[in-house]
Amino acid sequence: QVQLVESGGGLVQAGGSLRLSCAASRRIFSINAMGWYRQVPGKQRELVASITEGGSTNYADSVKGRFTISRDNAKNTVALQMNSLKPEDAAVYYCKMVLRGPPYYYWGQGTQVTVSS
């Protein structure tokens, strides 16, 4: 069973930066897209950023210009560089890897990001 392990969350002041990382517990050969999502209590999980195998990226409007997603296909890792953090960025962040075949996707366990004003 593959596990996605996230790291890099924590507490930061508004305006600060954090870098989240996500790695698969073993080699995965059929990854298509990778992405980061976030969720706050009482709200649906939302897409923050995604990146295709070819490197095309997509960002939520709320993070454009502040967050950057990157991936290392050889290492099966995806990262999210978060700059100019705002209190509204506080959430549990989850990474996701989308596969071309079953089981079609994996989720990480989540990492907490807290932004103090």
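The values are calculated or read from the model by the stated rules, or taken from the named source; none is laboratory data. Keep in mind it's a predicted model, so treat the numbers as computed, not measured. Positions of Cβ are generated from backbone atoms using ideal geometry, with glycine treated the same way; all protein chains shown enter the neighbour counts. Please note that ligands, DNA and RNA were not included when accessible areas were found on the heavy atoms of the full protein model with its side chains. Shrake-Rupley method; radii C 1.70, N 1.55, O 1.52, S 1.80 Å.
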Query raised in the report: Taking the chain as a Gaussian network, where each spring joins two C-alpha atoms under 10 Å apart, which residue of A49, A23, A14 fluctuates the most?
Result: A14
Report summary line: Taking Lys and Arg as +1 and Asp and Glu as -1, residues besides Y37 with C-beta under 10 Å from its C-beta add up to +2
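For the chain, report the accessible area per residue in Å² (1.4 Å probe, heavy atoms, rounded to an integer). Please list the in-between numbers first.
Working: 6260 Å² over 117 residues.
Accessible surface, normalised per residue, equals 54 Å².
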Query raised in the report: Around I51, what is the net charge, scoring Lys/Arg as +1 and Asp/Glu as -1 over all other residues with Cβ under 12 Å from its Cβ?
Result: 0
Query raised in the report: Where is the GNM fluctuation largest for the chain (alpha-carbon springs, 10 angstrom cutoff): M97, M34, M82?
Result: M82
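Quick one: net charge of S62's neighbours, Cβ under 12 Å, K/R +1, D/E -1? Intermediate values should be presented prior to the final figure.
Details: positive: R38, K64, R66, K86; negative: E46, D61, E88, D89.
Surrounding charge for S62 is 0.
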**Report entry** Charge dipole (debye, nearest 20) of the chain; +1 at Cβ of Lys and Arg, -1 at Cβ of Asp and Glu
**Finding:** 200 debye
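Over region 1-62, what relative contact order in percent results from Cα pairs under 8 Å that are six or more residues apart? Write out the running numbers ahead of the final one.
Details: 74 pairs, mean separation 13.9, N = 62.
Across region 1-62, relative contact order equals 22 percent.
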Requested in this report: Would you calculate the separation in nanometres between label points at K86 and D72, each defined as 7 Å from the Cα along the Cα-to-beta-carbon direction?
Outcome: 3.2 nm
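For the chain, which whole-number percentage of the solvent-accessible area (1.4 Å probe, protein heavy atoms only) is attributable to carbon and sulfur atoms?
Working: 3020 of 6260 Å².
The computed percentage sits at 48.
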Report task. With an 8 Å cut-off on Cα pairs and a minimum separation of 6 or more residues, tell me the relative contact order of region 26-115 in percent. Result -> 30 percent
Query raised in the report: How far apart, in nm, are the 7 Å Cα→Cβ label points at T114 and S17?
Result: 2.3 nm
Report summary line: Ranking D72, D89 from most to least accessible area with a 1.4 Å probe gives D72, D89
Query raised in the report: For a label point 7 angstrom out from the Cα of Y105 toward its Cβ, which stretches of region 33-55 have the backbone nitrogen within less than 16 Å?
Result: 33-40, 44-53
Query raised in the report: Cross-link partners among aspartates and glutamates for K43, C-alpha distance below 20 Å, same-chain residues fewer than 8 apart left out?
Result: D61, E88, D89
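Suppose every K and R has +1 on its Cβ and every D and E has -1 on its Cβ; what is the size of the dipole of region 24-71 about the Cα centre, in Debye to the nearest 20? All intermediate terms of the calculation are to be shown ahead of the outcome.
Numbers: 8 positive and 3 negative charges, 39 e Å.
Roughly 180 debye, rounded to the nearest 20.
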